[in-house]
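Here is the structure we will look at.
The values are calculated or read from the model by the stated rules, or taken from the named source; none is laboratory data. No experiment lies behind these values; they were computed from the predicted model shown. Positions of Cβ are backbone-derived with ideal geometry, glycine not excepted, and every protein chain shown enters the neighbour counts. Surface accessibility is based on the protein's heavy atoms, side chains included, excluding ligands, DNA and RNA. Shrake-Rupley method; radii C 1.70, N 1.55, O 1.52, S 1.80 Å.
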Amino acid sequence: MSVLVTGGAGYIGSHMVWRLLDAGENVVVIDRLSTGFDWAVPAEVELVVGDIGDPELVGKVPRERGVSAVFHFAGSIVVPESVTDPLGYYLNNTVKSRALLEACVDAGVPHFIFSSTAAVYGTPETADPVAEDAALRPESPYGTSKLMTETMLRDTAAAHPLNYACLRYFNVAGADPAGRTGQSTPDATHLIKVATQAALSKRPYMQVFGTDYPTPDGTCIRDYIHVTDLVDAHYLALEHLRATGENLTANCGYGHGHSVLEVVDVVKRVSGSEFEVRMADRRAGDAVSIVANSDRIRERLGWKPHYDDLEKIVTHALNWEDALSRRNT
Ligand SMILES: NC(=O)c1ccc[n+]([C@@H]2O[C@H](COP(=O)([O-])OP(=O)(O)OC[C@H]3O[C@@H](n4cnc5c(N)ncnc54)[C@H](O)[C@@H]3O)[C@@H](O)[C@H]2O)c1
Ligand SMILES: O=c1ccn([C@@H]2O[C@H](COP(=O)(O)OP(=O)(O)O[C@H]3O[C@H](CO)[C@H](O)[C@H](O)[C@H]3O)[C@@H](O)[C@H]2O)c(=O)[nH]1
């Protein structure tokens, strides 16, 4: 039996692949390499280069490889891009997830773990940590495209012998502490990636989007979760589905946040680089503060994070960014 990882050549998916290998699982990856890299997939893992929306491909792989669980990371992830290209996002994130799900039902795959996002909540009503039963009001086609897949999964699991976990990630950052993989997209827009690139002079400067928010230092607050803790949560979710068959929708975050300026300070301190930081206007669509209530994942899965420390997250991100420079040259 094997475990299928869609998007396994991407940032989070490649960490999942290593986590599964570490647990002794057989792994197969489907990735079309649009933002992922073939070299990010370990040599011992079969990489099927193709699209999850290709019914022939997704019809074949689960049957031929005896797939007993799917981790579905493949998708488009840039929120502002989803605003200008909503149909592209509904196609890649929703329509193609439907194709994959149908193939899983047809092949009798019992367990499905889906990459959802805090973007399904939109802007929370209060600054309190947001729990899973909060109102679901996505503010972008990206968030809606993910919420629609959550809904498809719920309804499919009610009608077929398939159970699922929807994991709603907050801000994923950092890299494999052993240096085996990391965030490799050169034009990524995420704060910690951008700041580490500035620290290593891969960018001439970075910008802080908005300094007049109603927060202690005027910048937005996010709950940054180390990617290794995130993939641990995924593995626990798989064990939970295997053991209980109970569906689960759970936030993945630590339950506390950091402001943009706090992140920038930590990157400067850890890197020892005084890179230029320009104060800029607010970025469209940014919520003031989004922090996870993570009680559910801790209680139901017994999840205990090991890297709930911004310095460690930044250190690992910097190490990977540095290793990437040597790979590119
Ligand atoms: N990075 C974050 O902070 C974050 C937060 C919340 C949710 N997520 C979700 O996690 C998942 C992984 O995100 P990531 O940061 O690793 O992004 P990523 O872009 O690094 O990885 C996505 C991978 O999917 C592949 N892919 C995309 N569309 C495909 C398709 N139609 N068929 C086959 N392969 C396809 C890409 O080539 C890439 O390797 C996404 O579904 C994303 O929405 C990410
Ligand atoms: O160069 C930068 C990049 C970001 N920021 C700020 O840093 C904060 C975090 O921004 P990111 O782009 O790193 O992440 P987002 O919070 O916008 O989005 C992330 O969290 C969302 C859920 O809240 C979705 O899951 C989404 O996929 C994921 O990228 C925001 O206030 C943003 O304005 C900057 O100031 N400068």
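Selection within segment 183-196: residues that are in contact with a strand residue (DSSP E or B) (Cβ under 9 Å, 6 or more places away or on another chain) and open to solvent by less than 60 Å² (accessible area, probe 1.4 Å). The member of this set that is nearest to His111 (Cα to Cα) is Gln183. Condition check for Gly253 on (1) in contact with an Asp or Glu (Cβ under 9 Å, 6 or more places away or on another chain); (2) surrounded by fewer than 22 Cβ atoms within 10 Å (Cβ to Cβ); (3) of a type in the set (Gly, Ala, Ser): one failure, at (2). Among the numbered conditions (1) open to solvent by less than 20 Å² (accessible area, probe 1.4 Å); (2) of a type in the set (Val, Ile, Thr); (3) within 16 Å of ligand 2 (Cβ to nearest atom); (4) in a loop (DSSP other than H, G, I, E, B), the only one that Ile52 does not meet is (3).
Looking across segment 239-283, the residues that are more than 16 Å from Thr315 (Cβ to Cβ), in a helix (DSSP H, G or I) and among the aliphatic types (A, V, I, L, M) come down to Leu241, Ala243, Val260, Leu261. Within segment 197-214, the set of residues being open to solvent by less than 20 Å² (accessible area, probe 1.4 Å) and in a loop (DSSP other than H, G, I, E, B) comprises Gly210, Tyr213.
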